[in-house]
Structure formats: structure tokens, C-alpha cells
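Engineer: I have a structure I would like to understand better, so I am pasting it below and will then ask my questions one at a time.
The values are calculated or read from the model by the stated rules, or taken from the named source; none is laboratory data. What you see is a predicted model; the values in this text were computed from it and never measured. Neighbour counts are summed over all protein chains in view; Cβ atoms, including those assigned to glycine, are modelled from backbone coordinates with ideal geometry. Please note that ligands, DNA and RNA were not included when accessible areas were found on the heavy atoms of the full protein model with its side chains. Shrake-Rupley method; radii C 1.70, N 1.55, O 1.52, S 1.80 Å.
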Amino acid sequence: MKKLTSVFLTAGMLASLTAQAQLRVEISGVGSNQIPVAVAAFVDEGQSPTQISKVIKTDLERSGAFKVIDAGTISDVNNVDAASYKARGADALVVGTVQKQPNGTYDVRYKLMSTIQNTKISQLDQQAPAQFTRLSAHKIADDVYEKLTGVRGIFATRIAYVTQQGRSYRLEVADADGENVQLALSSNEPIISPSWSPDGTKVAYVSFEQKKPVIYVQNLITRQRTVIANERGSNSAPSWSPDGSRIALALSKTGNTQVYLANSTGGGLRRLTNSSGIDTEPQFSADGQSIYFTSDRSGGPQIYRMSVNGGDAQRVTFNGSYNISPRISSDGKSLAYISRRNGNFQLYVLDLASGQEQRLSDNTNDQAPSFAPNGKYILYSTESGGRKALAVVSVDGRVKQRLTIQAGAIKEPTWGPFMK
């Protein structure tokens, strides 16, 4: 029996926060070469607070990588003729059971079977408290995704974002599917630039509650807040190093905004860039050895890279006269950014090895891109019909989602790491 102790602990602490309105998710487009998967209703899942099979189906469909086939109900999961589902067009079959335990937890078990070879591909047994049965379903969907695509799934990850209604600002955290929304911080002053710590327990952000931009780190488990930077002028754009020990930030303490490094607990401030222009929006490379940042040192804003130890900066973007908001994929191979072309601010992705770029958005006012931890999707803020919303797009541009709330604006998104 696999117990997801650390995952449930972190999620449990977050669940104690005040819930807000759920996000609405709209999906369009599908991936190329969809994998047909049959998903059966889990035996006795009606006794669970979560309909496990429904969450799994929705997750797989949302990814765009699967064609989901309803397998109905399979009562005996230990004697399944998986090959018989091949005739229904499925390459794989998902079956499982749910059993309530005397202590109130739920025993959730699943098997993934090949319909081609009539053999078991994978299985996962979990024991979950009632409030985390939905998380168990996400973990199963992640296992299916990984076993059939070779890429780790991101259904059990979380996102953070800011909502605004009038003068009310809220930093919120939600599951990657927009469910289970929790309030992390509420303020009457703007909150911007949230950034997840690598272990998923903290979020750095900029708050204007002191009538100026100040960088904080908030522990999502203990609710403790730490001031990371409250220097003269503007303190902005925090970004964590991959090992969580440092935070890159942009400060205007000496005049023009420049890039600095600080300890993740505050202190140890060290200036990194030293140009006559504006250097901002720093982001660590995947290996933590370089910093990508936006600078207007060549005239218009472009994206540069330099060593965390200092030295010369190399220009990275050359197409277009206005490129900002660099974000690096977890494998270090792709750069997402916002480019202004023909008056439109749109999401692009650049293959750093080949220099080939691709526009991923048809909107006109995109902001704040953030890679999913598996590097296959990008979350960003956009505007549609004069209303701020979030969007998700696959890196090949085929699968698109739109996340909205019933009232107000939603913006400043960031995708959290894999849950430990």
C-alpha cells in the first residue's frame, strides 16, 4: 500500500484555508496521435466523496493526449479480459476499486492494462483521507499519463494566481484542473508576481500593502510570512533557484532597476547586473547556473542570459523588437516569453538549440507565462472580451484551455512544482 504522506500533509494544510469560487475550465483542440484509453467505473466508488473514474477521465481528456472510451462497470477487476476492449478501439484499460476503511480513510486501488498484450502495465494502491480522494484520482491519472506517454503527468500539481474584484486582491492556490481553490492571502492593495518554491510549500510574491512594492515569502503550511526585500525604491520579480536556496529579484535601490540575488530567507543580497539600462524579470536556468532576464540595454526590451557568478550577458531573443517575461522549461531546452508583434502581446516559445520560435496564442494581450513542471504545457494570463482570464496551451499549440472566474479578473499565474 502506497501512502502519499507528504502530498496529503501539504494539501491538508492548504485545505484549512478559506476556499474561494472555483475556476471554470474550457477545453479546445486535441493533441496529435491521441492514445485511446478505456476507463471503467471503479467498483464501489459511490461510497467515496469523489467519483474517481470521472476525475481520471476528465484529466486525461484535458491533456489532449488521450481519446477516452467509457468502459462501463467492471465488477471483478482481478479477472479482466483486457484484450476484449481492443475491439472497442482501446489500447489500454483502466480499472479500480474503492473501499472505505474502519478508520474513515479510503483504500483506492487501480490497474492499467494493455489491451494489445492482455497484461498489466502498472498499478497503484493508495490510502487516502476522505478529503484527498480527489488527489488520489489525480495521482492515478498521472500514472496513466506517464506509463503511456513516457512523460510525467501534472494532474496532481497546483497553480497559484491573483484575482481582483474592485480593490480586493487575493492570492489563491488551486489544483491544476481549477478545483479545490484555497485562499493564501487577501489584501486591499495589489499582489503581483507569485513564484513557487521548488518544494511547493512556499510562494514568493510582491505586495503593495506598505504603499510600495515589497517582496515576501509566505509558507503555505504555517502561514508565516518573511520579508525578503524592502529596499529603497522598487522590489520586484522574485524567482527561486532550482535548489530553493536563493531568490533572484529586481531592485531599483541605486537608480535603474537591476538584477540581484538574495538568500531565500532574506539577506545575503548581491548585485548581478550592472548596466545603464533597466534589467528585470530574472529567472534561473534549469541547472541553476545562469540567469535569464529582460533588459533594454540594446534599445528595446530583449531577453538575455548571464552566469549567476556575473560576467558578460548574451542576448537570447532576436526576432521582434519587444520581448519580455522569460520562463525556462524544466529541461532547459525551451524559453517561453511574451513578444509584441504588430501591436499585439502574444505568447511565444523558443527552442534554444535551434533558435526556432513558435507563436502559441491568437490573443492580443498575453502576460506572465509559466511552464508546467513536465515542460509540456504553458499557463499564462490573457484577455478575452475585455476580461482577464488564464489560459493553458500545449507547447505544440494544439491543446488549449481557458480558466475563468464568475466575477472579477484573474491574472499573474504560476504553475507549481511536482508534489513530493
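Engineer: Can you tell me the mean projection area, over all orientations, of the convex hull of the chain's alpha carbons? Units nm², please.
Structural biologist: 21.0 nm²
Engineer: Among the DSSP beta bridges whose two residues both lie in the chain, what percent are antiparallel, rounded to the nearest 5?
Structural biologist: Taking every DSSP beta bridge within the chain, about 90 percent pair in antiparallel fashion.
Engineer: Can you list residues from other chains, or at least 5 along the same chain, whose modelled amide H is less than 5 Å from the amide H of Thr273?
Structural biologist: Amide H to amide H, under 5 Å and 5 or more residues apart or across chains, Thr273 pairs with Val259.
Engineer: Further, regarding this structure: Taking the mean number of other Cβ atoms within 10 Å as a proxy for protection, how do you rank 210-223, 328-341 from highest to lowest?
Structural biologist: Result, highest mean Cβ count within 10 Å first: 328-341, 210-223.
Engineer: Follow-up question, since we're still on this one. What is the dipole size for the chain, taken about its Cα centre, with +1 at each Lys and Arg Cβ and -1 at each Asp and Glu Cβ, in debye to the nearest 20?
Structural biologist: Numbers: 46 positive and 36 negative charges, 132 e Å.
Dipole about the Cα centre, nearest 20: 640 debye.
Engineer: Also, quick follow-up: Which one of Val217, Gln258, Leu350 has its Cα pushed farthest toward the positive end of the charge dipole of the chain, where Lys and Arg give +1 and Asp and Glu give -1 at the Cβ?
Structural biologist: Farthest towards the positive end: Gln258.
Engineer: Helix 5-15 sits at what angle to the longest principal axis of the chain, using alpha carbons and giving 0 to 90 degrees rounded to 10?
Structural biologist: Between the helix axis and the principal axis of the chain, the angle is about 70 degrees.
Engineer: Hey, another quick one. If you wrap the stretch 37-137's Cα atoms in a convex hull and average its projection over all directions, what's the area in nm²?
Structural biologist: If I average the Cα hull's projected area over directions, I get 6.0 nm².
Engineer: Here is a further query. At a 1.4 Å probe, what is the % contribution of carbon and sulfur to the accessible area of the chain?
Structural biologist: Accessible surface attributable to carbon and sulfur in the chain totals 43 percent.
Engineer: Name the shape class, rounded, prolate or oblate, that the alpha-carbon gyration tensor gives for the stretch 276-337, where a ≥ b ≥ c are the square roots of its eigenvalues, rounded holds for a/c under 1.5, and otherwise prolate holds if a/b is larger than b/c and oblate otherwise.
Structural biologist: Oblate is the answer for the stretch 276-337, as a/c is 1.5 or above yet b/c matches or exceeds a/b.
Engineer: Moving on to the next point. What does the accessible area of Trp415 come to, in Å² to the nearest 10, when a probe of 1.4 Å is used?
Structural biologist: 20 Å²
Engineer: Sticking with this one: Can you tell me the orientation of helix 52-63 relative to the chain, as the angle in degrees between its alpha-carbon axis and the longest Cα principal axis, to the nearest 10?
Structural biologist: Once rounded, the angle reads 50 degrees.
Engineer: In terms of the Cα gyration tensor, with a ≥ b ≥ c the square roots of its eigenvalues, is the stretch 82-219 rounded because a/c is under 1.5, prolate because a/b exceeds b/c, or oblate?
Structural biologist: Working: a/c = 3.36, a/b = 2.37, b/c = 1.42.
Judged from the Cα gyration tensor, the stretch 82-219 comes out prolate (a/c at least 1.5, a/b above b/c).
Engineer: Right, another one. Under a GNM of the chain (C-alpha, springs under 10 Å), which listed residue has the highest mean-square fluctuation: Thr404, Thr254, Thr364?
Structural biologist: Ranking Thr404, Thr254, Thr364 by mean-square fluctuation puts Thr254 first.
Engineer: Report, largest value first, the span of the C-alpha coordinates of the stretch 229-277 along each principal axis, in whole Å.
Structural biologist: Projected onto its principal axes, the Cα set of the stretch 229-277 covers 31, 19, 16 Å.
Engineer: From the mean inverse distance of alpha carbon pairs (Kirkwood) and the Cα radius of gyration, derive Rg over Rh for the stretch 194-336.
Structural biologist: Using only Cα positions, Rg/Rh for the stretch 194-336 is 0.95.
Engineer: Compute the FRET efficiency between Thr119 and Asn33 as 1/(1 + (r/R0)^6), taking r as their Cβ-Cβ distance and R0 = 25 Å, and round to the nearest 0.05. Intermediate values should be presented prior to the final figure.
Structural biologist: Working: r = 22 Å, r/R0 = 0.89.
Efficiency computed from Cβ-Cβ geometry: 0.65.
Engineer: Right, another one. Tell me what the chain gives for mean residue ellipticity at 222 nm when only DSSP H runs of n ≥ 4 count, each as -39,500 (n - 2.57), the sum divided by the residue total, rounded to 500 deg cm²/dmol.
Structural biologist: The helix contribution divided over the chain gives -3000 deg cm²/dmol.
Engineer: May I pose another question? For Leu269 and Asp312, compute 0.36 nm times the residue count separating them, minus their Cα-Cα distance, and round to one decimal in nm.
Structural biologist: Full-extension gain reported as 13.5 nm.
Engineer: In addition: If you put +1 on each Lys and Arg Cβ and -1 on each Asp and Glu Cβ, how big is the dipole of the stretch 312-365 around its Cα centre, in Debye rounded to 20? Walk me through the numbers before you get to the answer.
Structural biologist: Details: 6 positive and 5 negative charges, 31 e Å.
Magnitude of the dipole: close to 140 debye.
Engineer: Starting from 0.36 nm per residue, how many nanometres of slack lie between Ser168 and Lys147 once their C-alpha separation is accounted for?
Structural biologist: 3.2 nm
Engineer: Expressed in nm to one decimal, what extension gain is obtained for the pair Gln224 and Asn365 from 0.36 nm per residue of sequence separation less their Cα-Cα distance? Mind showing how you got there, number by number?
Structural biologist: Values: separation 141, 0.36 × 141 = 50.76 nm, distance 3.45 nm.
Stretched out fully, the Gln224 to Asn365 stretch lengthens by 47.3 nm.
Engineer: Once amide H atoms are placed 1.01 Å from N in the peptide plane, what residues at a sequence separation of 5 or more from Arg341, or on another chain, have their amide H within under 5 Å of its amide H?
Structural biologist: HN-HN under 5 Å from Arg341: Gln346.
Engineer: Using the heavy atoms of the protein chains and a 1.4 angstrom probe, tell me the accessible area per residue for the chain in square angstrom.
Structural biologist: 41 Å²
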